[in-house]
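The values are calculated or read from the model by the stated rules, or taken from the named source; none is laboratory data. Note that the coordinates shown come from a computational prediction; the quantities given were computed from them, not determined experimentally. Don't worry about glycine lacking a Cβ; one is built from the backbone with ideal geometry, like all the others, and counts go over all protein chains shown. Accessible surface areas use protein heavy atoms only, side chains included; no ligands, DNA or RNA. Shrake-Rupley method; radii C 1.70, N 1.55, O 1.52, S 1.80 Å.
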Amino acid sequence: MIYGAVRDVEAVRNLDYPVYSCHIVPCAGEAKGEGEINIPLECGGVKVKPGDWIIGDDCGVVVVPAKHFKEVMEAASQIKEKESEIIRRLEDGWSLSEILGL
C-alpha cells in the first residue's frame, strides 16, 4: 500500500501485483531514497505496526493487527462459507427471503 500517489497505473496493473494508493499522478517524484522501514505509522487515521497485515481489493483496504490475524481469518472463512451456501441455495431456486428467514 502506498499512502500517497502512484503513476504508470497501466504498467502496474500489467505486473499482476496488487498496488493500492491514495492518488494517481502523471509525473515522477524525486528519487531521494529517504524513508524508514519496520516502524509504526498512521495511514488515513489508522495505526499500522510492523507485522500487521494489510489486506485489500478493489473495494478498499483494511489493516489487521498481527495479534488478531488468526481470529479475523477464521471469522472471514466462516462468512465466506455462509455466503457460498447462500449462493448455492439461490442457484437451486430458493429466494433470498427464504434463505435468510425474512
All-but-one check, Ile99 against (1) free of Cβ contacts under 8 Å to residues at least 60 places away in the same chain; (2) touching a strand residue (DSSP E or B) at 6+ places or on another chain (Cβ under 7 Å), failing number (2)
Of the residues in region 8-39, those that are open to solvent by 100 Å² or more (accessible area, probe 1.4 Å), under 20 Å from the mean Cα position of the chain (by Cα) and not aromatic (Phe, Trp, Tyr) come to Glu10, Arg13, Asn14, Leu15, Asp16, His23, Ile24, Asn38
For region 75-102 the number of residues that are among the aromatic types (Phe, Trp, Tyr) and within 30 Å of Val64 (Cβ to Cβ) is 0
_Regarding region 19-40, can at least one residue be identified that is modelled with pLDDT of 90 or more and hydroxyl-bearing (Ser, Thr, Tyr)?_
no
Those residues of region 52-63 which are within 10 Å of the chain's Cα centre (by Cα) and open to solvent by less than 50 Å² (accessible area, probe 1.4 Å) amount to Gly56, Gly60, Val63
The lone condition Cys43 fails out of (1) open to solvent by less than 60 Å² (accessible area, probe 1.4 Å); (2) in contact (Cβ under 8 Å) with a residue 60 or more places away in the chain is (2)
Listed by first then second residue, the pairs whose first member lies in region 2-16 and is touching a residue at least 12 places away in the same chain (Cβ under 8 Å), whose partner is surrounded by 10 or more Cβ atoms within 10 Å (Cβ to Cβ) and polar (S, T, N, Q), with beta carbons under 8 Å and at least 6 positions apart or on separate chains, are Ile2/Ser21; Tyr3/Ser21; Gly4/Ser21; Ala5/Ser21; Val6/Ser21
